Amino acid sequence: MDNPLVRTADAIYTDSVNLGRYLAEAEDRLGDSEAPTDLVAEYVGKSIRLELCHSELRAFSKTGEFLGKHPFIAQRSERDRATALLKENPVEFTREMHRIEMNITRYSSHINSPKLSEEKKKQALANLNKFKAALAMYEEILKTVING
C-alpha cells in the first residue's frame, strides 16, 4: 500500500466502519424518548461524517479522485495552506484563527436556539464540528511552530 490515495481510501473506509458501529449502538440509546441532547447532536454529526465517507469512496471508485470534503482529505490540504499562511503572513493567520473561534461561538448558539428547526440545527452542528476541527488544526500548527 505505497499509494497514498489507496491509504487515504483505506482510512476513510475504516472511518466509515467505525462510524457505522457507533451509530448502530447509539440507535439503541436514542430509542428512549428522553435521550440527552448531546447524544443526539453527536449522532447527527457522525451520521453526516458517515455520508461524507460514502461520498468520498464512491467518487474515488468512479473517478480515481476524492471530492475533498471528508476531514481526512480536506484537513491535509487546509493544513498545508494554513502552514504556508503562518509563515508568509502571521497576522492574517491569527485573524483567520479568530474568525474560526467566532464561528464556533456562533454555531454553538445556533444549536441551543429553540427558534431554529431541527434541519437548521443539524446544519449548525455540521458547521460547528467543521470549525472545531479547523481550530484544533490551527492550534496544532502553532504548537508545531513554537516547539519545533
Problem - Between segment 113-148 and segment 49-80, the Cα center-to-center distance that results, in Å - result: 18
Handout entry: segment 1-69, dipole about Cα centre (Lys/Arg Cβ +1, Asp/Glu Cβ -1), debye to the nearest 20
Key = 360
Problem - Ascending count of other beta-carbon atoms within 10 Å, so fewest first, for K46, K143 - result: K143, K46
Exercise for the section: Just flag the GluC sites (Glu not before Pro) in segment 14-66 sitting in loop per DSSP whose Cβ has no more than 15 other Cβ atoms within 10 Å. Expected result: E34, E65
Exercise for the section: Take the cross-link list K87/K132; K46/K132; K69/K122 and give me the ones stretching past 19 Å between alpha-carbons. Expected result: K87/K132
Completion exercise
Here the membrane-span-like helices of the chain, with no claim about any membrane, defined by DSSP H, Cα axial extent at least 20 Å and mean Kyte-Doolittle at least 1.0, are none
Exercise for the section: Counting helices only, and only those DSSP H runs with n ≥ 4, report the 222 nm mean residue ellipticity of the chain as the sum of -39,500 (n - 2.57) divided by its residues, in deg cm²/dmol to the nearest 500. Expected result: -29500 deg cm²/dmol
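Every number in this text was worked out from the coordinates using simple rules, so none of it is lab data. Owing to the predicted nature of the structure, the values given are computational and were not obtained by experimental measurement. Quick reminder, even Gly has a Cβ in these numbers, built from the backbone with ideal geometry, and neighbours come from all protein chains shown.
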